[in-house]
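K.L.:
Take this structure first; my questions come after.
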Amino acid sequence: MDHFTPDIPRSTAQCLAPLEQLEPASFSVPPGACDTHAHVIAEAAGYPMVESRSYTPPPAPEEKYLSMLSADGMSRGVLVQISVYGSDNRYLLEVLKRHPEQLRGVAVVTEEVTDQQLAEMHAAGVRGLRINVLFGGGTGFDAMERLAARIAPMGWHMQFLMDVRQLPELMPRMKKLPCPCIVDHMGHMPVALGLDHPGFQALLYMVGDYGWWTKLSGAYRISESGQDNYADVVPLAQKLIETAPDRMVWGSDWPHVSVARMPDTGRLRNLLATWAPDEQIRKRILVDNPARLYGF
């Protein structure tokens, strides 16, 4: 199946660096707000990137990440293991351990991971595993049932970086997973295909009737508007929020790897003012829902 992504060509070419300045908040960001999707990339040597990676990002170390988090008005953050490191979660875990009250994590593992390693990740703040079928270096669908069975007793969830055009055919398998599930980037399907597309309808069903979650993130990855307000994403985001406001979380996707044009992280946050005009709904998305999902 072809996957849509308005990204740079899949290669090991160097990615753009994130913008230093953020657009100021257009609404009052509530205390306890959480950015549930960002990545860290070490500056120091000793953290090799996998050969199968789809891109090569510049460093986005702990200090720059925490600075971005603060500038964006976020009290908490969730770090997601970036695909270029494969299942080498060392840098992710090191950063989490230094900020146990503020940060949580989502790791990437193979089926060879030991129970002891999972326990150590839990102690460091990991609360989920990521399945990634869009970029090289990820763990795919073949492992999801066995890994889900191992993490369910720990209260973890499974996170999917996938194009939901695949969801109708995978739904019989995914419905049987014994742990909560969350889909990245609102399904990573081009919005031009419309809300009636079977893939998006399947996502709405899983979110509305089956208890799944979605990250309100990556608007710039699915939009075709060519504008920084990503106006064509508004109906999709609002439909997801309307369907399950208690299972929506927001993420910046900083440092915005593998894109041809670098978005403004603050402007991405400000999209919430349009997607969720009601202040109490925004508080659920930014504070209450992530606190429940990630155990803050």
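K.L.:
Arranged from highest to lowest average of other beta-carbon atoms within 10 Å per residue, in what order do the peptides 159-171, 72-84 appear? Could you put the intermediate results ahead of the total?
P.N.:
Details: 159-171: 20.4, 72-84: 24.2.
By packing density, highest mean first, the sequence is 72-84, 159-171.
K.L.:
So how do 246-255, 33-42 stack up, highest first, on mean other-Cβ count within 10 Å?
P.N.:
Top of the packing list down: 33-42, 246-255.
K.L.:
Right, something else. Only four residue types carry charge here, +1 at the Cβ of Lys and Arg and -1 at the Cβ of Asp and Glu. Report the dipole size of the chain about the Cα centre in Debye, rounded to the nearest 20.
P.N.:
480
K.L.:
Rounded, prolate or oblate: which fits region 93-205, taking a ≥ b ≥ c as square roots of the Cα gyration tensor eigenvalues, rounded meaning a/c under 1.5, else prolate when a/b beats b/c? Provide the component values of the computation, followed by the final result.
P.N.:
Values: a/c = 2.26, a/b = 1.74, b/c = 1.30.
Note, shape of region 93-205 comes out prolate.
K.L.:
Which of the pairs Lys64/Lys215; Lys97/Lys175; Lys176/Lys283; Lys215/Lys283; Lys64/Lys239 have their Cα atoms more than 25 Å apart in this structure?
P.N.:
Lys97/Lys175; Lys176/Lys283; Lys64/Lys239
K.L.:
Quick one: 3J(HN,Hα) in Hz for region 103-110, Karplus 6.51/-1.76/1.60 with θ = phi - 60°, rounded, Gly and Pro as x.
P.N.:
In residue order, the calculated couplings are 10, 10, x, 10, 9, 10, 9, 9 Hz.
K.L.:
Dipole of region 189-296, Cα-centred, from +1 at each Lys and Arg C-beta and -1 at each Asp and Glu C-beta, to the nearest 20 debye?
P.N.:
Numbers: 11 positive and 12 negative charges, 62 e Å.
Computed about the Cα centre, the dipole is about 300 debye.
K.L.:
Would you please give the FRET efficiency between Glu101 and Ala260, computed as 1/(1 + (r/R0)^6) with r the Cβ-Cβ distance and R0 = 45 Å, to the nearest 0.05? Provide the component values of the computation, followed by the final result.
P.N.:
Numbers: r = 37 Å, r/R0 = 0.82.
About 0.75, to the nearest 0.05.
K.L.:
For a quick check: with amide H placed at 1.01 Å from N, whose amide H comes under 5 Å from Ser225's, ignoring anything fewer than 5 positions away on the same chain?
P.N.:
The answer is Asp232.
K.L.:
Only helical DSSP H runs with n ≥ 4 go in: add -39500 (n - 2.57) per run for the chain, normalise by residue count and round the 222 nm mean residue ellipticity to 500 deg cm²/dmol.
P.N.:
-8500 deg cm²/dmol
K.L.:
Under a point spin-label approximation (7 Å from Cα along Cα-to-Cβ), what is the Thr274-Ala231 distance to one decimal in nm?
P.N.:
About 0.8 nm separates the two model spin labels.
K.L.:
Could I ask something else about it? Scan around Ile82 for amide H atoms under 5 Å from its own, H built in the peptide plane at 1.01 Å from N, and keep only partners 5 or more places away or cross-chain.
P.N.:
Correct list: Val40.
K.L.:
I would also like to ask the following. I need the fraction of alpha carbon pairs in region 34-294 separated by more than 22 Å, rounded to a whole percent.
P.N.:
52
K.L.:
Same structure again: Do any trypsin sites (Lys or Arg not before Pro) in region 170-237 lie in a DSSP loop with no more than 16 other beta carbon atoms within 10 Å, and if so, which?
P.N.:
The qualifying sites are Lys175, Lys176.
K.L.:
In whole percent, what relative contact order does the chain give with Cα contacts below 8 Å and a gap of six or more residues? Mind dumping the intermediate values first?
P.N.:
Details: 574 pairs, mean separation 69.3, N = 296.
About 23 percent, as a whole number.
K.L.:
Also, I was wondering about something else. Taking H placed 1.01 Å from N in the peptide plane, check which residues at least 5 places from Thr36 or on another chain put their amide H under 5 Å from its amide H.
P.N.:
It is Val78, Trp250, Gly251, Ser252, by chain and number.
No lab work stands behind these numbers, since they all come straight from the coordinates. Quick caveat: nothing in here was measured; it's all calculated off a predicted structure. When we count neighbours, we look across all protein chains shown, and the Cβ atoms used for this are built from the backbone with ideal geometry, even at glycine.
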